[in-house]
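Report on the following structure.
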Amino acid sequence: MNQLLAGKKFLIMGVANDRSIAWAIAKQLHESGATLAFSYQGDRLESRVTKLVEATMPGSTMVQVDVTRDDEVAGAFALLKEQWGTMDGLVHSLAFAKTEELEGNFVDTSREGYLLAQDISAFSLVACSRYAKDMMPDGGTIITMTYLGGERVVGNYNVMGVAKAALDQSVRYLAADLGAQNIRVNAISAGPINTLAARGVKNFTSILPQVAEKSPLKRNITQEEVAKTALFLASDLSSGITGEIIHVDAGYHIMG
Ligand code: N5H
C-alpha cells in the first residue's frame, strides 16, 4: 500500500455500482491514503452507493447531486466546504445520453437530446470545476473520463461523441484557466468497459472482442487499469501534466 495521497481530500462523482469506473478510482485513491466524498444522482442510487461506500470506506461524506441543477451543484459544494474547508481533487465520471440517440444516425439527434448530453456530460465538468477551484487554495487536480468517439467518428456513439469533444476541449480551457492556481485538469480516455452505463447500449458486448482483437495489447482494459492512471493523475507523480488526455485503451487509438 502506498501513501501517495495521504491527507488529501477528493470528491468522487459518478459511482452507480461496484462496476463503475468511479468506484475503481475511489478504491485506488482510498488505498493510497485519500479521504473521500461521493456524489450520486437520485434516490434510486442512494441506497446502493451508500451501502457500497459504508462497507469499505465508512464515514465518507455522501451527497446527492443532479448536475443539471445549479442549486444542487452549489449545495453539494457548500456542504463539502462546511465539512472539509478545502479539497485536493475532483474525479468527474459522469455522462448521459438518451439510449435512442446512441444508435441510428447522428443527423437525427433531437435538440433536447443534444442539449441533455452536453449538459450532463460536458458542462457539468465546468460547473463543478468552478466550485472545486474555490476549495483548492493550495492547488489540486481535476480528472474526467472521456472516450475516443470524441476525437473520431465511432459507430453509434453519435451525440455522446459531440459531447466528449466538448468535454475534451473543456479540459484544455479549464487547464489554461486554473494552471496559475496550480490546479491541473486532465482526462482519461478509456477503452470500452462493461459498466452499467455501457450495458444499456445496443450491441455493446459484441464491441469488446472486436476492440480487443484490433488493440496492440490484444485485450480489453479493466476499471483497475483506469484507476491506476487516475492515481497517477491525482498524485504528485504527474505534477508536470495538465490539459492532457491519456488513453488507457490497450493502445487501440493508434491503430488505423
Ligand atoms: C461506440 C460505443 C457504443 C455506443 C454508445 C455508448 C455510449 C455510452 C455512454 C452513455 C453515457 C451511456 C448512457 O447514457 C446510457 C443511458 O442512456 C441509459 N443508462 C442509464 O441510465 C444507466 C442506468 C446509468 C448508470 O447510466 C448513466 N449514464 O447514468 C461506445 C463504447 C464502445 C464505449 C463506451 C461505453 C463509452 C462511454 O462513453 O461510456
Point to revise | Long-range neighbours under 8 Å by Cβ, at least six apart or interchain, first residue among the charged types (D, E, K, R) within segment 241-253, second part of a strand (DSSP E or B) | key: Glu244/Asn186; Glu244/Ala187; Asp249/Ser189; Asp249/Ala190
Review point. Can you tell which of Val159, Val171 is open to solvent by less than 20 Å² (accessible area, probe 1.4 Å), farther than 15 Å from Ser93 by Cα and at pLDDT 95 or above?
Key: Val159
Exercise for review: Test Glu151 against the criterion of being touching a strand residue (DSSP E or B) at 6+ places or on another chain (Cβ under 9 Å) and closer than 20 Å to Ile21 by Cα, and give yes or no.
Suggested key: no
Practice item. Give segment 1-46 a look and list any residue that's surrounded by fewer than 14 Cβ atoms within 10 Å (Cβ to Cβ) and either of a type in the set (D, E, K, R) or without any contact (Cβ under 8 Å) to a residue 12 or more places away in the chain (or both), or say none. Key: Asp43, Arg44, Glu46
Revision key, fill the gap. Of (1) of a type outside the set (Asp, Glu); (2) under 15 Å from Ile245 (Cβ atoms); (3) in contact (Cβ under 8 Å) with a residue 40 or more places away in the chain, Gly149 fails just (3)
Review point. Considering only segment 93-108, how many residues are in contact with a helix residue (DSSP H, G or I) (Cβ under 7 Å, 6 or more places away or on another chain) and more than 13 Å from the ligand (Cβ to nearest atom)?
Key: 0
Check your understanding: Which numbered condition trips up Gln210, out of (1) more than 22 Å from the chain's Cα centre (by Cα); (2) in contact (Cβ under 8 Å) with a residue 12 or more places away in the chain?
Key -> (2)
Check your understanding: Hey, does segment 155-164 have a residue that's under 21 Å from Thr109 (Cα atoms) and either free of Cβ contacts under 8 Å to residues at least 12 places away in the same chain or away from the ligand (no atom under 15 Å from the Cβ) (or both)?
Key -> yes
Review point. Restricting the search to segment 180-218, which residues are in a loop (DSSP other than H, G, I, E, B), more than 8 Å from the ligand (Cβ to nearest atom) and open to solvent by less than 20 Å² (accessible area, probe 1.4 Å)?
Key: Ser215
**Study point:** Matching residues, segment 47-74, being open to solvent by 40 Å² or more (accessible area, probe 1.4 Å), assigned to a helix (DSSP H, G or I) and within 17 Å of Leu125 (Cα to Cα)
**Key:** Asp70, Asp71, Glu72
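The values are calculated or read from the model by the stated rules, or taken from the named source; none is laboratory data. Fair warning: this is a prediction, and the values are worked out from it, not measured in the lab. All Cβ positions, even for glycine, are placed from backbone atoms using ideal geometry, and neighbour counts span all protein chains on display. Surface areas here come from the heavy atoms of the whole protein model, side chains and all, with no ligands, DNA or RNA. Shrake-Rupley method; radii C 1.70, N 1.55, O 1.52, S 1.80 Å.
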